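What follows is one structure encoded as structure tokens, with my remarks underneath.
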Amino acid sequence: MPVLYAITHVFRSWKLFLALLIGITLASAFFAGIDIKANVTAGQALKQDLSHVYVDMVATLYEKRPETILNASRDVAGLSGVAGTEVISAFEGPIDSEANGTYFDYARIVGIQNHSRVYDGWPNRPEGIGENETYVLKDSGLAQKYSVGDIIPVNISIYPSGGSPVFVSLNLTVKGFADLDDKSRSIALGAYSSSYPQIFVYQSPYYEQRTIDTLVVDWEKTMQKLVDTQWNLNPFGGQVSTNLLVYLDRNSLISPWDIDTSTSNIRTLQAQIQTRAGAGFYF
């Protein structure tokens, strides 16, 4: 009986109930649209923020043998949630000093592997970089000074424990000029979550600020022997620094609608990476 009464009442006042139904439907659609737009905006905002983070995890290494670093890189790359890894080493210091000692070029010599993310933003990338060959960062001061085929002499100081410095000499042949996008340039310069750094260099009689001039070399063919030499002379210090870079599968780990779970996913993976890499690696 109550059901029959309700049906009869609706039938008699169908216009009123139709208007009410339409109103409820429109209101639901309106608020659902607001919720969806808010979610989309949050997702876009997070994506924009993460676009400025070029490398997800970094371990800076001074006391590790090159083969240990390479093995750790391969082991970590095999973990679920890891999109890739690479080893990158660099020397920063004076090169090609003038004879009178009044001026020197300050440069960063960076060694990258064949699969480095630096190549992703290098449109005119070479097929390969040979031993003691280098590509100069385009539009840098050194790019204005050197031409293809020129030789850039470099003396790197390595300080043995309790001994006099040992100088390792390199003669780098300029093979071309690296036209890198912002992300690749920043990775090459060691700025893994911001624009590339500025440094102070001495130019008598005053200091001037300018972008680091960069020479890109092959890690295995040129830079690894410097890492080896530094390890053999003094494994706990020197001018050559090495980083192990880790790139994560962000799509599988991060949700803009569940930041707590996303954070937990990354922390869990970080612990797995730490365990897989072994002692002495701190990400």
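The values are calculated or read from the model by the stated rules, or taken from the named source; none is laboratory data. For clarity, every value in this text was computed on a predicted model and none was experimentally measured. Virtual Cβ from ideal backbone geometry, glycine too; neighbours counted across all protein chains shown.
Numbers at a glance
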quantity: Odd one out for Lys175 among (1) touching a strand residue (DSSP E or B) at 6+ places or on another chain (Cβ under 6 Å); (2) under 30 Å from Asp56 (Cα atoms); (3) of a type in the set (Lys, Arg); calculated: (2)
quantity: The one condition in (1) surrounded by 17 or more Cβ atoms within 10 Å (Cβ to Cβ); (2) over 18 Å from Trp219 (Cα atoms); (3) of a type in the set (S, T, N, Q) that Ser184 fails to fulfil; calculated: (2)
quantity: Some residue of the stretch 238-254 being β-branched (Val, Ile, Thr), under 29 Å from Gly121 (Cβ atoms) and at pLDDT 95 or above; calculated: yes
quantity: Which listed residue, of Asn232, Asn251, is farther than 30 Å from Ser169 by Cβ, surrounded by fewer than 16 Cβ atoms within 10 Å (Cβ to Cβ) and in the same structural domain as Arg65 (by TED's automatic domain parsing); calculated: Asn251
quantity: From the options Ser80, Ser164, residue that is loosely packed, with under 12 Cβ neighbours inside 10 Å, more than 25 Å from Asp182 (Cβ to Cβ) and touching a helix residue (DSSP H, G or I) at 6+ places or on another chain (Cβ under 9 Å); calculated: Ser80
quantity: In the stretch 256-283, residue farthest from Thr68 (Cα to Cα) [restricted to those that are modelled with pLDDT under 90 and surrounded by 15 or more Cβ atoms within 10 Å (Cβ to Cβ)]; calculated: Pro256
quantity: Some residue of the stretch 201-215 being more than 28 Å from Ala77 (Cα to Cα), at pLDDT 85 or above, in the same structural domain as Ile88 (by TED's automatic domain parsing) and in a loop (DSSP other than H, G, I, E, B); calculated: no
quantity: Answer residue from the stretch 226-237, given it is of a type outside the set (Val, Ile, Thr) and in contact with a helix residue (DSSP H, G or I) (Cβ under 9 Å, 6 or more places away or on another chain) and is modelled with the lowest pLDDT among those; calculated: Gly237
quantity: Residues that are touching a Pro at 6+ places or on another chain (Cβ under 7 Å) and either of a type in the set (Val, Ile, Thr) or assigned to a strand (DSSP E or B) (or both), drawn from the stretch 176-194; calculated: Gly176
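Here's the yes/no breakdown for (1) surrounded by fewer than 18 Cβ atoms within 10 Å (Cβ to Cβ); (2) hydrophobic (A, V, I, L, M, F, W, C); (3) on the phi > 0 side of the Ramachandran plot:
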{"site": "Arg117", "(1), (2), (3)": "no, no, no"}
{"site": "Asp120", "(1), (2), (3)": "yes, no, no"}
{"site": "Val136", "(1), (2), (3)": "no, yes, no"}
{"site": "Leu170", "(1), (2), (3)": "no, yes, no"}
